[in-house]
Amino acid sequence: MDNFGFLKVAAAVPQVRVADCRYNAERIVAMAEEAARRGVEIAAFPELAVTGYTCGDLLLQPALLDAADEALEQIVRATRKLPLTLLVGAPLRHGSTLYNCAVVLTQGRVLGVVPKTHIPDYAEFYENRWFASGAGIAEEHIAAAGQQADFGADLTFEVNGTEFGVEICEDLWTAVPPSSQLALNGAKVLFNLSASPEGVGKHAYLRQLVAQQSARTLSAYVYCSAGMGESSTDLVFAGNGFIAENGTVLREAERFSSEEQLVVADVDIQRLEFERRRNTSFRRNEAATENTVIEMEIPEGLRAAALDRDIDPLPFVPKDEGHRSERCEEIFRIQAHGLAQRLRHTGCKRAVIGISGGLDSTLALLVAVRAFDFLKLERTGIVGITMPGFGTTDRTYNNALELMRRLGVTVREIPIREACIQHMKDIGLDPGDRSAAYENAQARERTQILMDVANMEGGLVVGTGDLSELALGWATYNGDQMSMYGVNASVPKTLVRHLVRWAAETETDDTARATLLDIVDTPVSPELLPADKEGRIAQKTEDLVGPYELHDFFLYHFLRSGCGPAKILFLAETAFRGSYDRATIRKWLCIFFRRFFVQQFKRSAMPDGPKVGSVALSPRGDWRMPSDASAAVWLDQLENL
C-alpha cells in the first residue's frame with residue numbers, strides 16, 4: 001500500500017489445461033511474475049486453477065491430487081522472491097476429506113488455506129460429489145505444498161497493514177456470503193476465486209452482484225473466474241474478472257478472450273477506512289464474531305509509475321451519456337418533488353425567483369416549472385423577476401427575459417440601480433467604491449425585492465445558490481445566501497451546467513433550446529461590477545475564486561472520500577494532467593480550504609433544500625462543523641507539499 005492508501009491488486013485469468021497441473025503451475029508463475037513487474041501486491045487466480053475446474057471424477061484420483069500438491073510446491077518455490085501475495089485455487093486433502101480451497105502464499109511461505117463454504121449441488125453443479133464444506137472449520141492445520149498451514153473458513157490475512165479475506169465462487173451467491181462476516185471482522189479487500197460458467201443474462205447479474213457486495217461490505221472486491229482451456233463438454237467459461245470498490249467496478253476483463261488476462265487496479269484503502277468510520281451501521285456490527293488473522297510483512301516491490309485507476313475530473317457528472325441522462329432526469333425529479341412538497345405544505349400557489357440569465361437561476365426556474373406542472377398549477381403562478389443592475393449585460397438580460405417568456409411564467413422587471421444609488425448615498429458609500437459593500441448592497445437589494453414580492457404574492461422565494469457556491473461561501477450573507485427554499489443547495493456547479501444542457505437537449509421549443517445553450521456558454525458571474533467597454537461581463541467568478549471543475553473535484557474528495565490535502569493534490573494532478581499544472585492546482589486548493597473553513601457561518605444559516613447526491617452541506621444533515629473551526633492543519637500540510 002502506498003503513501004496515499006492505494007493497494008494494487010489483480011484478478012488473473014490464466015490459460016489452463018484440464019488435469020495438467022505442471023502446465024497450470026507454469027502459467028500461474030508466469031502471470032505472477034508479470035504481476036510483480038506491474039507492482040501488484042496481491043493477485044488472485046481462479047477456483048481450482050492448479051487442476052482446472054472441470055476435472056470431474058478425476059478429482060477423486062490420488063494421482064491428480066498428488067500432482068496438484070506438487071504443482072503448489074512448484075509455485076511456492078518459483079515465486080519466493082516475488083514481492084507479492086498470491087491466492088491460488090487447488091483441491092486439498094484434510095484427513096480423508098477433500099476440500100475446494102484457496103491457498104494464500106507469499107515469499108516461499110503458505111500463509112493459510114481457506115476452504116469453500118457453500119458447495120453447490122444443483123443444475124449443472126454437483127460439487128458435493130467430491131468436496132466437503134469448510135463451514136465450521138477453524139483453528140485447524142492442513143498440509144499444503146510441503147508445509148503445515150492454518151486452515152479455516154474464518155481466516156483473514158494482513159499483509160503490510162492491509163487485511164483481506166477470501167471466499168470461493170458459490171459463497172458469493174448465497175443469502176449471507178462469508179465475505180460479509182469477513183468484512184465485519186476487518187477485511188477491507190475481499191477476493192473471490194471462481195469458476196462460474198456462462199449463461200445468457202448471467203454476466204450482467206454477476207457484475208451487479210460483485211459491485212453490490214463491495215458496496216454492502218464497504219470493501220474492494222476482486223473476482224476472478226476460469227476461462228480458456230476449461231472443458232466445454234457441457235459448459236463454457238468466459239474468464240470473468242472484476243475489481244470493484246464500494247459499489248463501483250474499477251476494472252474488468254474482456255470476456256471470451258483467447259489470451260491470458262491480468263486485470264489490475266489500485267483500490268483506495270484509505271477511502272474504505274473513511275467510509276467505515278462514518279457508517280454507523282457498519283461500525284455497530286464490527287467484530288461480531290472472532291476470527292483468526294494471519295499477519296505477514298513482505299518487502300515492498302516496485303510501484304508502477306502509473307496509477308491503475310481512472311480518476312474522473314468531473315466526479316459529480318457521469319461519463320456515460322445514457323447514465324448521465326438518467327441521472328439528470330432523477331435530479332430534476334428530486335428537486336421538483338422537494339419544492340412541490342414545500343409548496344403544498346405551506347399552501348403557496350405562487351413562487352418567486354430572481355432570474356439573472358445565469359446557470360443557477362435557470363436551473364431553479366426549470367425545477368419550479370416541473371414542480372408547478374406536477375401540482376397541476378398554472379405556470380403563471382411562478383413570478384420570475386429580472387433585476388438589472390450595474391453589471392448586467394445585454395446577453396444575460398435578454399436570455400433571462402426570453403427564457404421566462406418561453407416557459408410561460410409571469411415576467412417582471414425591477415431595476416435596482418436607482419435603489420442601490422440611494423442606499424449607497426444613505427450609508428455614505430462613495431459611488432466609485434468597488435468594495436464588498438458595493439457588491440453586497442446589490443445582492444441584498446435583490447433579495448429584499450424577492451422577499452417583499454413573495455409577501456405581496458403570498459408565495460415563497462425559491463433560492464438559486466448551488467453547492468459549489470456554498471462550499472466556497474461565494475454568496476452574500478443575507479443576500480443571495482438566503483431564500484425560503486433552496487432547490488440547488490446540493491447540486492455542484494459542474495453538474496448544474498450539465499443539467500441545463502440536458503434540459504436544452506430535451507426541449508422541443510427551438511428558441512428555448514437556443515436560449516438554454518447560450519446560458520450554458522455564458523461565463524459564470526454575479527454581475528455586480530460594471531461591464532467592460534464592449535458591454536461584456538467583466539466580473540468572471542472563476543477568475544476570482546478558481547475553476548469550478550477544480551473546486552468541485554476538491555469538494556468531492558474532501559467530503560466524500562475523506563482525503564487530505566496531499567492526496568487531493570495527487571489525485572487532481574492525475575485527473576487534470578494536461579489541463580492544470582501542479583502549482584496551479586495547489587494554489588486553488590489552498591484557496592478552497594481557506595474559503596471552506598472561513599465561510600462555514602453562511603452554511604450554518606442556510607435555508608432548507610433537497611438533498612440530491614452523496615455530498616451535501618446542510619447543517620441539519622450531512623455536514624456539521626463549527627463556524628470558527630481552524631483550517632491550520634490542512635493549510636500546514638499544503639505548505640509542505
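The values are calculated or read from the model by the stated rules, or taken from the named source; none is laboratory data. Keep in mind it's a predicted model, so treat the numbers as computed, not measured. Neighbour counts run over all protein chains shown; Cβ positions are idealised from the backbone, glycine included. To get the accessible areas, we keep the full protein, side chains included, count just its heavy atoms, and leave off ligands, DNA and RNA. Shrake-Rupley method; radii C 1.70, N 1.55, O 1.52, S 1.80 Å.
Quick notes on this structure:
- Of all positions in region 616-631, none carries a residue that is open to solvent by 20 Å² or more (accessible area, probe 1.4 Å), over 29 Å from residue 338 (Cα atoms), modelled with pLDDT under 95 and part of a loop (DSSP other than H, G, I, E, B).
- Wholly enclosed helices (runs of 4 or more DSSP H) of region 548-606 bearing at least 3 residues farther than 30 Å from residue 484 by Cβ: 548-555, 565-575, 582-598
- The one condition from (1) open to solvent by 30 Å² or more (accessible area, probe 1.4 Å); (2) without any contact (Cβ under 8 Å) to a residue 60 or more places away in the chain that residue 229 does not meet is (2).
- Unmet requirement for residue 51, which otherwise passes all of (1) outside any loop (DSSP other than H, G, I, E, B); (2) open to solvent by less than 10 Å² (accessible area, probe 1.4 Å): (1)
- Residue list for region 392-406, filter: of a type in the set (Ser, Thr, Tyr) and part of a helix (DSSP H, G or I): 396, 397
- Residue match in region 514-529 (condition: of a type outside the set (Val, Ile, Thr), open to solvent by less than 40 Å² (accessible area, probe 1.4 Å), in a helix (DSSP H, G or I) and under 25 Å from residue 318 (Cβ atoms)): yes
- Subset tally (residues that are of a type in the set (S, T, N, Q) and in a helix (DSSP H, G or I)) for region 7-28: 1
- When 90, 35 are checked against the criterion of being buried (at least 17 other Cβ atoms within 10 Å of the Cβ), modelled with pLDDT of 95 or more, aliphatic (A, V, I, L, M) and assigned to a strand (DSSP E or B), 90 stands alone in meeting it.
- Picking from residues in region 344-361 that are in a helix (DSSP H, G or I) and more than 34 Å from the chain's Cα centre (by Cα), the one that is surrounded by the fewest Cβ atoms within 10 Å (Cβ to Cβ) is 345.
- You will find that of 370, 395, 350, 405, the residue that is touching an Asp or Glu at 6+ places or on another chain (Cβ under 9 Å), under 20 Å from residue 509 (Cα atoms) and charged (D, E, K, R) is 395 and no other.
- Among the candidates 217, 280, residue that is farther than 23 Å from residue 56 by Cα, surrounded by fewer than 16 Cβ atoms within 10 Å (Cβ to Cβ) and of a type in the set (Val, Ile, Thr): 280
- Search result, residues across region 60-87 that are surrounded by fewer than 22 Cβ atoms within 10 Å (Cβ to Cβ) and of a type in the set (A, V, I, L, M, F, W, C): 60, 63, 64, 65, 67, 78
- Among residues of region 442-461 that are touching a residue at least 12 places away in the same chain (Cβ under 8 Å) and closer than 13 Å to residue 414 by Cβ, those with a Cβ under 7 angstrom from a residue that is open to solvent by 20 Å² or more (accessible area, probe 1.4 Å) and in a helix (DSSP H, G or I), sequence gap 6+ or separate chain, pair up as 445/419; 445/423.
- Neighbours by Cβ (under 8 Å, 6+ apart or cross-chain): first from region 127-142, within 11 Å of residue 114 (Cα to Cα); second surrounded by fewer than 18 Cβ atoms within 10 Å (Cβ to Cβ): 138/292; 141/148; 142/148
- Some residue of region 131-140 being among the polar types (S, T, N, Q), open to solvent by 10 Å² or more (accessible area, probe 1.4 Å) and part of a helix (DSSP H, G or I): no
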